[in-house]
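What follows is a short report on a single structure.
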Amino acid sequence: MSRTMIKLCGNHSFQDLKYSVASGVPYIGLVFAESKRKVDPLECSKWLEQIEKGRSQKYVGVFVNPSLLEIASVLQYVPLDIIQFHGDENPEQVIEAKMATGLTVWKAIHHNEKALVKMKSFYHIADGYVIDSKVNGAWGGTGKRFDWDAIPAYQKEAQIQGVPCFIAGGITPDNVSEILNYRPDGIDISSGIETMWRKDARKIQKLIEIIENFCDNNYNSMLKSNNNTFSL
Ligand SMILES: O=C(O)c1ccccc1NCC(=O)[C@H](O)[C@H](O)COP(=O)(O)O
């Protein structure tokens with residue numbers, strides 16, 4: 001059983017970034033769309049210069065319906081590894097950006113009755129998905145969860161497409177155990193690791209401990225049920 005991946009999103013200060021990078025999670029999110037968590041590319045590049053991230057950690061830039069120019073103006077300063085499209089971009093726009101930048105692209109899909117059809121339209125285009133809640137007037141970072149019973153259908157579609165599926169929206173250290181029972185490839189969290197809009201090191205640590213314990217326990221019970229033993 002593979003570990004659930006973690007993306008800590010919406011880092012919008014030097015201190016936020018330091019906490020998220022130090023946690024060792026594989027994905028660090030930066031929002032370049034209109035939001036109270038929006039970061040300025042130049043300022044962000046100065047923070048990043050002072051931070052040594054782990055070799056395998058990746059920076060994910062979150063955009064909402066961006067033009068190519070907008071993406072380029074961020075990439076000029078910030079060495080993003082992944083572009084996350086969090087608006088209502090169509091497949092053509094995502095292909096165009098993917099070709100122009102050569103970067104990995106993730107597509108956010110907002111949970112609703114048409115979401116699976118939308119997800120299918122990004123087959124062979126999106127390199128990963130973030131399934132999020134949609135709240136009027138906000139594209140993301142709302143702290144609101146959707147009906148998690150819908151998760152298996154999204155996971156199944158991502159599996160067919162051979163790409164990872166992150167679940168977002170209202171996840172917190174207090175409810176993450178519940179979502180782990182759905183075995184998501186990854187979780188994407190912003191509000192749930194904040195206190196007064198700033199990343200909270202204690203919440204991050206609690207989140208990671210819960211996920212690591214859950215994954216280790218499941219791995220161990222899987223070994224037991226397969227009757228596997230290690231010999232020294
Ligand atoms: O975080 C934002 O403010 C934001 C604004 C506009 C588009 C996307 C945004 N966040 C994207 C994310 O990947 C968040 O982690 C995701 O929406 C979950 O947020 P939360 O419910 O606060 O954990």
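Looking only at residues of the stretch 91-139 that are among the basic types (Lys, Arg) and either closer than 22 Å to residue 160 by Cβ or exposed (fewer than 13 other Cβ atoms within 10 Å of the Cβ) (or both), we find that the one that is nearest to the chain's Cα centre (by Cα) is 107. When the residues of the stretch 1-16 are filtered to those that are modelled with pLDDT of 95 or more and over 15 Å from the mean Cα position of the chain (by Cα), the one that is nearest to the ligand (Cβ to nearest atom) is 12. Among the residues of the stretch 41-78, not one is modelled with pLDDT under 95 and on the phi > 0 side of the Ramachandran plot.
Within the stretch 49-70, restricting attention to residues that are in a loop (DSSP other than H, G, I, E, B) and of a type in the set (D, E, K, R), the residue that is nearest to the ligand (Cβ to nearest atom) is 53.
Restricting 34, 70, 43, 52 to those that are within 22 Å of residue 110 (Cα to Cα) and either more than 18 Å from the chain's Cα centre (by Cα) or open to solvent by 50 Å² or more (accessible area, probe 1.4 Å) (or both) reduces the list to 34. Among the residues of the stretch 173-214, those identified as more than 15 Å from the ligand (Cβ to nearest atom), in contact with a helix residue (DSSP H, G or I) (Cβ under 8 Å, 6 or more places away or on another chain) and not in a helix (DSSP H, G or I) are 182, 183.
The values are calculated or read from the model by the stated rules, or taken from the named source; none is laboratory data. All values reported here derive from a predicted model rather than from experimental measurement. Cβ: placed from backbone, ideal geometry, glycine included. Neighbour counts: every protein chain shown. All accessible areas refer to the heavy atoms of the entire protein, side chains included, with ligands and DNA or RNA removed. Shrake-Rupley method; radii C 1.70, N 1.55, O 1.52, S 1.80 Å.
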